[in-house]
Amino acid sequence: MELLLGSGFFLVLAIVVIAVFLHFVPIGLWISALAADVHVGIFTLIGMRMRRVPPAKIVMPLIKANKAGLDVNVNQLEAHYLAGGNVDKVVDALIASQRAQIVLPFERSAAIDLAGRDVLEAVQMSVNPKVIETPIVSAVAKNGIELKIKARVTVRANIDRLVGGAGEPTIIARVGEGIVTTVGSSEKHTDVLESPDDISKTVLGKGLDAGTAFEILSIDIADVDVGRNIGAQLQTDQAEADKRIAQAKAEERRAMAVAREQEMKAYTQEMEAKVVEAQAEVPHAMAEAFKNGKLGVMDYYNMMNVQADTEMRNAISKSGAKAKTQPVAK
């Protein structure tokens, strides 16, 4: 019984040792590399395990590169993987560039990949140019008519400017700016409708691909639509604004006139009140004058006669003026 237990223990131990050995020593991957005539030492594979680099992610791209005739070694691929790059995509890009006879060293391909760009897509775009469709660009000619233009830009990736070069949004923005400038310098919108290729020529002549990761091959105007009459709308808005300003000023003048009228009414009422108050003081003053002997009875009669005479003359003058204004009956 003890013998069987001892044998079982050694069997389990042997299995564990073999599993650990096969984990650290990928025999199958090493045999695949030898079969593909790629010389990768067994200790190199063990070192990859120690450095936590999956050997398959290095050996399989290395086999692929070797079969394609590329001069790439294990250390380059492992260093690129440790730097956070995509080894398999870099090798595919190198193979594609070699087949397309595009000069692309491993260092540049690795730099493009580490810069966050898809290096394989860039190589494919160098062989097969890409068409970028711009959104609808609204531009206004000098006669105030709006044009809505959509363009298609054919670009090819520039391998030398992929690192540090601007992307598609910059191309779209520059093309839109060129369209707005070209239409804005046209006297009439019909000039643009007659020859839309002038826009393409003008925009291409400005070198819009400078500092970008692309080379512009052509700019084609896909669609041109006539929009609003911006000039007439601006004039209408200006007239409406002037009308509102005039109405506000008129309302201000009316309010000032009403306020002035109210002030005059208040002033008139105040004066009338003072006159009534003064007239009320006259009997008291006359009584005081009689009492003090400053005014006699004859003086009072003379004053009343003068007052009556004045009232009579006023009545006569008013009746005469009224008679002059009335028409003479025939």
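The values are calculated or read from the model by the stated rules, or taken from the named source; none is laboratory data. Predicted model only: the values in this text are computed from it and were never measured. Heads up, the Cβs are rebuilt from the backbone with ideal geometry, glycines too, and the neighbour counts pull from every protein chain shown. The accessibility values were calculated without ligands, DNA or RNA, using every heavy atom of the protein model including side chains. Shrake-Rupley method; radii C 1.70, N 1.55, O 1.52, S 1.80 Å.
Listed by position, the helices (runs of 4 or more DSSP H) inside region 152-205 whose residues that are open to solvent by 50 Å² or more (accessible area, probe 1.4 Å) and at pLDDT below 80 number at least 2 are 189-194, 197-204.
Considering only residues in region 225-245 that are open to solvent by 80 Å² or more (accessible area, probe 1.4 Å), hydrophobic (A, V, I, L, M, F, W, C) and within 27 Å of the chain's Cα centre (by Cα), the one that is modelled with the highest pLDDT turns out to be Val226.
Tell me, yes or no, whether region 104-112 has at least one residue that is of a type in the set (A, V, I, L, M, F, W, C), open to solvent by 70 Å² or more (accessible area, probe 1.4 Å) and under 36 Å from the mean Cα position of the chain (by Cα). Within region 104-112 (the criterion being of a type in the set (A, V, I, L, M, F, W, C), open to solvent by 70 Å² or more (accessible area, probe 1.4 Å) and under 36 Å from the mean Cα position of the chain (by Cα)), the answer is no, since none of the residues qualifies.
For Gly69, are the conditions met, namely being in contact (Cβ under 8 Å) with a residue 12 or more places away in the chain, of a type outside the set (A, V, I, L, M), open to solvent by 50 Å² or more (accessible area, probe 1.4 Å) and within 13 Å of Asp113 (Cα to Cα)? No: the conditions fail for Gly69. For region 99-130, a tally of residues being part of a helix (DSSP H, G or I) and not basic (Lys, Arg) returns 17. Contact map, region 270-294: first residue within 18 Å of Gln307 (Cβ to Cβ), second residue of a type in the set (D, E, K, R) and open to solvent by 60 Å² or more (accessible area, probe 1.4 Å), Cβ cut-off under 8 Å, separation 6 or more or different chains; the map is empty.
Is there a residue in region 136-151 that is under 18 Å from Gly207 (Cα atoms) and at pLDDT 85 or above? Scanning region 136-151, I find at least one residue that is under 18 Å from Gly207 (Cα atoms) and at pLDDT 85 or above, so the answer is yes. Is it the case, given these coordinates, that Asn86 is open to solvent by 40 Å² or more (accessible area, probe 1.4 Å), modelled with pLDDT under 85 and farther than 18 Å from Leu208 by Cα? Considered against the rule, which asks whether it is open to solvent by 40 Å² or more (accessible area, probe 1.4 Å), modelled with pLDDT under 85 and farther than 18 Å from Leu208 by Cα, Asn86 comes out as no.
For Arg313, the conditions (1) in a helix (DSSP H, G or I); (2) surrounded by 10 or more Cβ atoms within 10 Å (Cβ to Cβ); (3) at pLDDT below 75; (4) among the basic types (Lys, Arg) are fulfilled apart from (3). The residues listed here are Met298, Met303; of these, the one that is part of a helix (DSSP H, G or I), free of Cβ contacts under 8 Å to residues at least 12 places away in the same chain and open to solvent by 90 Å² or more (accessible area, probe 1.4 Å) is Met298. Look at (1) within 30 Å of Asn229 (Cβ to Cβ); (2) at pLDDT 85 or above and you find that Ala110 fails only one, number (1). Being in a strand (DSSP E or B), in contact (Cβ under 8 Å) with a residue 12 or more places away in the chain and under 30 Å from Thr134 (Cβ atoms) is a condition met by no residue of region 232-243. Whether a residue is more than 30 Å from Val163 (Cβ to Cβ), touching a helix residue (DSSP H, G or I) at 6+ places or on another chain (Cβ under 9 Å), buried (at least 17 other Cβ atoms within 10 Å of the Cβ) and modelled with pLDDT of 70 or more was assessed, and Leu77 does not pass this test.
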